[in-house]
1. Could you please let me know if A:Val50 is of a type in the set (A, V, I, L, M, F, W, C), within 25 Å of B:Thr4 (Cβ to Cβ) and under 13 Å from the mean Cα position of the chain (by Cα)?
2. Out of the residues in region A:1-47 that are without any contact (Cβ under 8 Å) to a residue 24 or more places away in the chain and in contact with an Asp or Glu (Cβ under 8 Å, 6 or more places away or on another chain), state the one that is surrounded by the fewest Cβ atoms within 10 Å (Cβ to Cβ).
3. Does A:Asp101 satisfy the criteria of being among the acidic types (Asp, Glu), in contact with a Ser or Thr (Cβ under 9 Å, 6 or more places away or on another chain), surrounded by 20 or more Cβ atoms within 10 Å (Cβ to Cβ) and modelled with pLDDT under 95?
4. So for region A:56-72 (the condition being touching a residue at least 40 places away in the same chain (Cβ under 8 Å), surrounded by 13 or more Cβ atoms within 10 Å (Cβ to Cβ) and either more than 14 Å from chain B (Cβ to nearest Cβ) or over 25 Å from B:Phe46 (Cα atoms) (or both)), does at least one residue qualify?
5. Which count do you get for residues in region A:84-97 that are in a loop (DSSP other than H, G, I, E, B) and without any contact (Cβ under 8 Å) to a residue 60 or more places away in the chain?
6. Return a yes/no flag: does region B:10-17 have any residue that is within 18 Å of A:Ala92 (Cβ to Cβ), modelled with pLDDT of 95 or more and part of a strand (DSSP E or B).
7. Here are some residues: B:Gln6, B:Gln16, B:Gln38, B:Gln49. Which one is out of contact with any strand residue (DSSP E or B) (no Cβ under 7 Å at 6 or more places or on another chain) and within 23 Å of B:Val78 (Cα to Cα)?
8. Would you confirm, using the coordinates I've provided, whether A:Thr102 is among the β-branched types (Val, Ile, Thr) and at the interface with another protein chain (Cβ under 8 Å from one of its Cβ atoms)?
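The values are calculated or read from the model by the stated rules, or taken from the named source; none is laboratory data. Source: prediction; values computed, not measured. Note that we place each Cβ from the backbone using ideal geometry, even for glycine, and neighbour counts take in every protein chain shown.
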Amino acid sequence: NAGVTQTPKFQVLKTGQSMTLQCAQDMNHEYMSWYRQDPGMGLRLIHYSVGAGITDQGEVPNGYNVSRSTTEDFPLRLLSAAPSQTSVYFCASSYTGASTDTQYFGPGTRLTVL
Amino acid sequence: LAKTTQPISMDSYEGQEVNITCSHNNIATNDYITWYQQFPSQGPRFIIQGYKTKVTNEVASLFIPADRKSSTLSLPRVSLSDTAVYYCLVGPTHYGGSQGNLIFGKGTKLSVKP
């Protein structure tokens, strides 16, 4: 049982490049989400999904796309990277997405956009 | 989810008891209070959850007064390894309300000094 895994751990992009941050969980959780964390800003919710085929926007969705084709995977896509997207990205999952469900977080991806 | 307010930062010394208070004036009847801990360079992890009165586990205690408009996370005899950001979340169970859109906010940065 690996829990929540994220790849890559580190990534450097140039402005305008695209990439996909991968997130996978093996706990059969219905709910998955993406957060970004910037110094002094805490965790900000980007997108979330309550099940395969269902996604919704969080606090800061602009510049990011998501899809959920399987229960296990929830990739985050940056179509045209900007320096403002330099951040640490965390993926999380839980059974239902209720605040009372324990959220399990991945180790994070540190992204730098030059 | 109910809006929460926490201090931005707190300082303490090793061996002291630390109390972090979270205000949630508009908490609803079916809302629970959940706390997470985030160590540097890691994703947050669940530490404690409660509805009313007092909850204690091997990591912390959670005190909730009768009006439930605030809650206090208590860490007994902190050590340097308790240096982390602590987040307070307030929201319903899966059966009590909406799911998803979990907002963590900025949390409280606790610095423990020797």
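1. Values: of a type in the set (A, V, I, L, M, F, W, C): yes; within 25 Å of B:Thr4 (Cβ to Cβ): yes; under 13 Å from the mean Cα position of the chain (by Cα): no.
Judged against the criteria, A:Val50 is not a match.
2. Filtering first and then ranking leaves A:Arg44.
3. Values: among the acidic types (Asp, Glu): yes; in contact with a Ser or Thr (Cβ under 9 Å, 6 or more places away or on another chain): yes; surrounded by 20 or more Cβ atoms within 10 Å (Cβ to Cβ): yes; modelled with pLDDT under 95: yes.
Yes: the conditions hold for A:Asp101.
4. Going residue by residue through region A:56-72, those that are touching a residue at least 40 places away in the same chain (Cβ under 8 Å) are A:71-72.
Filter once more, keeping what is surrounded by 13 or more Cβ atoms within 10 Å (Cβ to Cβ): A:71-72.
Still in the running and either more than 14 Å from chain B (Cβ to nearest Cβ) or over 25 Å from B:Phe46 (Cα atoms) (or both): A:71-72.
Looking for residues that are touching a residue at least 40 places away in the same chain (Cβ under 8 Å), surrounded by 13 or more Cβ atoms within 10 Å (Cβ to Cβ) and either more than 14 Å from chain B (Cβ to nearest Cβ) or over 25 Å from B:Phe46 (Cα atoms) (or both), one finds at least one in region A:56-72, hence yes.
5. To start, the set of residues in region A:84-97 that are in a loop (DSSP other than H, G, I, E, B) comprises A:86, A:95-97.
Narrowing further to those that are without any contact (Cβ under 8 Å) to a residue 60 or more places away in the chain: A:86.
Of the residues in that region, 1 qualify.
6. Within region B:10-17, the subset within 18 Å of A:Ala92 (Cβ to Cβ) is none.
No, because not a single residue in region B:10-17 is within 18 Å of A:Ala92 (Cβ to Cβ), modelled with pLDDT of 95 or more and part of a strand (DSSP E or B).
7. On the way: B:Gln6 fails: out of contact with any strand residue (DSSP E or B) (no Cβ under 7 Å at 6 or more places or on another chain); B:Gln38 fails: out of contact with any strand residue (DSSP E or B) (no Cβ under 7 Å at 6 or more places or on another chain); B:Gln49 fails: out of contact with any strand residue (DSSP E or B) (no Cβ under 7 Å at 6 or more places or on another chain).
Result of the check over B:Gln6, B:Gln16, B:Gln38, B:Gln49: B:Gln16.
8. Values: among the β-branched types (Val, Ile, Thr): yes; at the interface with another protein chain (Cβ under 8 Å from one of its Cβ atoms): yes.
For A:Thr102, the condition - among the β-branched types (Val, Ile, Thr) and at the interface with another protein chain (Cβ under 8 Å from one of its Cβ atoms) - is met.
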